[in-house]
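Just below is one structure, and these are the notes that go with it.
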Amino acid sequence: MSYTFGLIGEKLGHSVSPIIHSKLYKILKMDARYDLFEIKKENLEIDFKDLKEKGIKGLNVTIPYKVDIMKYLDDVSIQASEIGAVNTVCFQDNKIIGHNTDYYGFARMLAKNDIPVKNKRIVVLGAGGAAKAVIQFFIDSNASEVLLVSRDVKKAAQNFKNVKIINYDELSLLKQGDVIVNCTPCGMYPKIENSPIDESCIGRFSSAVDLIYNPKETLFLKFAREKGIKSVNGLYMLVGQAIVAEELWNDITIDETIVDKIYNELLKEQL
Ligand code: NAP
């Protein structure tokens, strides 16, 4: 039997997801396909229900529907509920269940790169959707302190109740931290000349993580490398979240070596 999976979002032109999932189907010899479904805001409910009727087995969800989709689900996982966003939907036994696999993709990326979190001081840049999953992971992993940096502290405080929020001027006064994570789109292709912070600030941390994967080395990560600190881009997270979605949809466990294989192939292909 052949299965169809896919991604829903508003604009999906540059998505790498079909490549990642197709690589997995080839490796596991699965008879499956992964399609992109662009949905207009006003059609979300009807198009989502239509995809379910058509027998799609599972869907990923991206901008701007990670929160709105929750209205049409029967249940959500604990993590997705705490994060307040869903990026993976399973249609199982006539129920529609939501999960957040960004959380697990991020966790796998830190583990892969030996970045410890427990009892560490963490700084997260940008108060958007990705930061929600990242911050929840740090809280669940017993970081000693999580600071969220926002250009608009008041606005960020409405969406983030569980962390201390500071602005970029306050960040520049911070003397030391362990891990700094860029959860802003600042530095993403084509605006590769941008960085959310300058090099003097990055040098006060032991590791710098950027959720961006295009370019492979953002200016933020270049600063980190030049300061001699560990620097990691978001490609492993991207592959990791896709693989966890497949595990949920197919009720299987996928070996870590397969994540590594797909990640290494993508690196070579310079995605
Ligand atoms: P988002 O909601 O568009 O932006 C996140 C936050 O970044 C905004 O809320 C804003 O926070 C801050 N920001 C936006 N533009 C900025 C600018 N020009 N300068 C400084 N700060 C700015 O995006 P998101 O969905 O959270 O995703 C964030 C990044 O992570 C994107 O680049 C996305 O591609 C990447 N991502 C990667 C993965 C992966 O698997 N690797 C997964 C998810 C997301 P404030 O207004 O509070 O400052």
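Computed quantities for the displayed model
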read-out: The range 16-83: trypsin sites (Lys or Arg not before Pro) in DSSP coil with no more than 13 other Cβ atoms inside 10 Å; value: K29, K40, K54
read-out: Amide H partners (placed H, <5 Å) of A32, local residues excluded; value: Y3
read-out: Hz values of 3J(HN,Hα) by residue in the range 89-106 - Karplus curve (6.51, -1.76, 1.60), Gly and Pro given as x; value: 10, 10, 9, 9, 6, 6, 10, 10, 10, x, 9, 10, 8, 4, 4, 6, x, 5
read-out: DSSP-assigned coil residues among chymotrypsin sites (Phe, Trp or Tyr not before Pro) in the range 1-83, each with at most 11 further Cβ atoms within 10 Å; value: none
read-out: For the range 104-233, size of Cβ-based charge dipole, Lys and Arg +1, Asp and Glu -1, in debye; value: 280
read-out: Size-normalised alpha-carbon gyration radius of the range 15-81, reference 2.2 N^0.38 Å; value: 1.24
read-out: For the chain, calculated [θ]222 nm from helices alone, where every DSSP H run of n ≥ 4 adds -39500 (n - 2.57); value: -11500 deg cm²/dmol
read-out: Residue-span extension gain [K118 to E256] - 0.36 nm each, minus C-alpha spacing; value: 47.4 nm
read-out: Distance cut-off 15 Å, percentage of C-alpha pairs in the range 115-204 lying past it; value: 57
read-out: Gained length - Y72 relative to E45, 0.36 nm times residue gap less alpha-carbon distance; value: 9.0 nm
read-out: Dipole-positive endmost among I212, C186, L36 within the chain (Cβ charges, Cα centre); value: C186
read-out: Two-site FRET efficiency, I27 against Y189, from Cβ-Cβ distance with R₀ of 45 Å, rounded to 0.05; value: 0.95
read-out: Sparsely packed GluC sites (Glu not before Pro) within the range 96-193, loop by DSSP, other Cβ within 10 Å at most 15; value: E193
read-out: Too-long pairs where the Cα-Cα distance tops 21 Å, listed order kept, from K227/K268; K29/K261; K23/K268; K40/K66; K66/K268; K132/K268; value: K227/K268; K66/K268; K132/K268
read-out: Linear extension gain, N142 paired with I19, 0.36 nm per residue minus alpha-carbon span; value: 40.8 nm
read-out: Förster-model FRET efficiency, 41 Å R0, S81 and S200, C-beta, rounded to 0.05; value: 0.55
read-out: Built amide H within the under 5 Å cut-off of L147, gap 5+; value: I122, V123, V124
read-out: Dipole-positive endmost among I166, G58, I258 within the chain (Cβ charges, Cα centre); value: I166
read-out: The range 104-233, relative contact order [Cα under 8 Å, separation at least 6], %; value: 21
read-out: Relative contact order computed over the chain (Cα-Cα under 8 Å; 6+ residues apart), in percent; value: 15
read-out: Cα extents of the chain along the three principal axes, largest first (Å); value: 57, 41, 34
read-out: Between the range 1-77 and the range 104-183, the Cα center-to-center distance that results, in Å; value: 28
read-out: Estimated translational D of the range 56-178 in µm²/s (Stokes, Kirkwood radius over Cα pairs; 20 °C; 1.002 mPa s); value: 138
read-out: Percent RCO, i.e. relative contact order, over the range 203-269, from Cα pairs under 8 Å lying at least 6 residues apart; value: 28
read-out: Three principal axis lengths of the range 127-266 [C-alpha, angstrom, descending]; value: 46, 34, 28
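Readers should treat all values here as calculations from the given coordinates under stated rules, not as data from a laboratory. Quick caveat: nothing in here was measured; it's all calculated off a predicted structure. FYI the Cβ positions are ideal-geometry reconstructions off the backbone, even for glycines, and counts take in every protein chain you see.
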